[in-house]
Amino acid sequence: MTAGNLFCGFLAIVQCIHARLAETALTGQYEGYTNAEHYKFAVWLIFGAAAFDTLDGRLARMGGRESLFGAEFDSLADVISFGMAPALLMFYLIISPTQSPDYQWFRNIGWFIGFIYLLCAAMRLARFNVITNPLLHPGTKDSNRDFIGLPVPAAALTVAATVLFLLKLGEMDRTLKTWALALPPLMLLVAFLMMSHVRYPSGKGIDMQTKTRLRPFVLLLVTIALVISFKEFAILAIFLAYIFFGLLRYIRRGTPRIETKEAPPACSE
């Protein structure tokens, strides 16, 4: 499952390169697809990487196969799939030659914003490995069901969902125009949240045996139907709601005191 995560991340990067080649090609296509289509492929590959990332942790816990090797391998794959791929996706979309030359000054710093995002993602994963390492913190249990800081997969999926939303707007308007300028501020926001101590709820305790009442279950089915029908808008709305839910809850509760001698427990990504 972790290898599948890494494979999807690698292919997402390849699709970003193909999108750039399509933008500069005389025919406007590369290997029979336009740049927008290549970007869409990259977005869905990042979502595929997230699906593999979810499965590897659940299967490891179900089979009792959790190990330090698995944790390190998972983090290395995450750096590619949820760090490098979204950063490259944002960078190539911003420097697209189809954009107005009036924003050339803004696109010139796109590489730096992408690096800041990648740096925070890598540091977030390293911090997570240190916090949850049983050799460094023996006896630490996943008693807290919250993530400490925005999870790297959630950050990457927010960027990917935003790109999908922008591409949909581009289809309706036939050009991205200034919409792509929404990506750099979003990248900086999620980069900050990844390295913050804002707590975000996880779905670790949810499985096929989770019980719920009929009304919430029907509401869930309706939500899934709406997401499938209006996926470009609904997916972005879900991830933005997740981001601001944790942020607003953090502001409402106030800044908690962080212990430095013993790392707080955190559940697996």
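Computed from the coordinates by the stated procedures, all read-outs in this text should not be read as laboratory data. Since the model is a prediction, treat every value here as computed from it, not as a measurement. Positions of Cβ are backbone-derived with ideal geometry, glycine not excepted, and every protein chain shown enters the neighbour counts.
Descriptive notes on the structure:
- Each peptide among 153-159, 187-193, 21-27 gets the average number of other Cβ atoms lying within 10 Å of its residues, and from highest to lowest they stand as 153-159, 187-193, 21-27.
- Per residue, the Cα convex hull of region 1-98 amounts to 71 Å³.
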